[in-house]
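For reference, the structure discussed in these notes is given below.
Bear in mind that the values in this text are calculations on the coordinates, not laboratory data. These figures come from a predicted structure and were not determined experimentally. Using ideal geometry, Cβ is built from the backbone for each residue, glycine included, and neighbour counts are taken over all protein chains shown.
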Amino acid sequence: PNAMCIFRGKEYAIEIANELMLEIWERKIEDVINKPVFEALPEAKGQGLEAILEKVYTTGEKFTAYELPVKLTRKGKIENTFINVVYDALKEPDGTISGIVAIANDVTLQVISRSAVEESEKRFRNTVKQLPLGIAILKGQDLIVEMANTTYLQIVDKKEDDILNKPVFEL
């Protein structure tokens, strides 16, 4: 269910790449197989990935990142994407490192969606703060004060720190 590939040697030649990895890269197998990853994906150069792969390859330490920003080709244009990724050393029976296994998931849509929701909430809260009406946002059965604008604070004659995260009827 995950995108997966294997890079071999110090050049990180792409030995195997499954369909999901090819989708993330927007490449065909014949365009990447047996090529060094930064030759097959030139847009991936200069983003710090070289140092990450080198550290995994030389130390054997696993690298894990969530929502790693990476510029990749999307419909012919280089765009910001976000990837959850694990790079792990591929070891031979004698313990020597001969490559890297990469497992990835493209989470760009989730990151964009979350950012849109956060931005919408921020705009909503700014609007509430500026309204000349007294407004408090209460949550849960206990009506905990989540937010209150300046007009509301004036009406109840309280400071924001005195009422936030407290039940409204205890105030």
To the nearest 10 degrees, the tilt of helix 108-130 (Cα long axis) against the first principal axis of the alpha carbons of the chain is 20 degrees
In the list (1) 72, 39, 28; (2) 53, 51, 36; (3) 51, 33, 31, the entry giving Cα extents along the principal axes in Å computed from the coordinates is (1)
Sequence order, segment 89-103: Karplus ³J(HN,Hα) from phi using 6.51 cos²θ - 1.76 cosθ + 1.60, θ = phi - 60°, Hz rounded, Gly and Pro as x, gives 5, 9, 10, 7, x, 7, x, 6, 8, 10, x, 9, 9, 10, 10
To the nearest 20 debye, segment 1-157 has a Cα-centred charge dipole, built from +1 on Lys and Arg Cβ and -1 on Asp and Glu Cβ, of 460 debye
Cβ-Cβ cut-off under 14 Å around GLU23, Lys and Arg +1, Asp and Glu -1: the net charge is 0
Once amide hydrogens are built 1.01 Å from N within the peptide plane, the residues lying 5 or more places from LYS35 or on another chain with amide H under 5 Å from its amide H are ILE14
Sorted by chain and then number, the residues having a modelled amide H within less than 5 Å of the amide H of ALA148, at least 5 places away or on another chain, are ILE137
For the chain, longest principal axis from Cα atoms; helix 49-59 axis from its Cα atoms; angle between them, nearest 10 degrees, is 60 degrees
For LYS75, the lysines lying under 27 Å Cα to Cα, once residues fewer than eight places off in the same chain are dropped, come out as LYS28, LYS35, LYS45
Check: C-alpha center segment 40-91 vs C-alpha center segment 103-171, spacing in Å is 37 Å
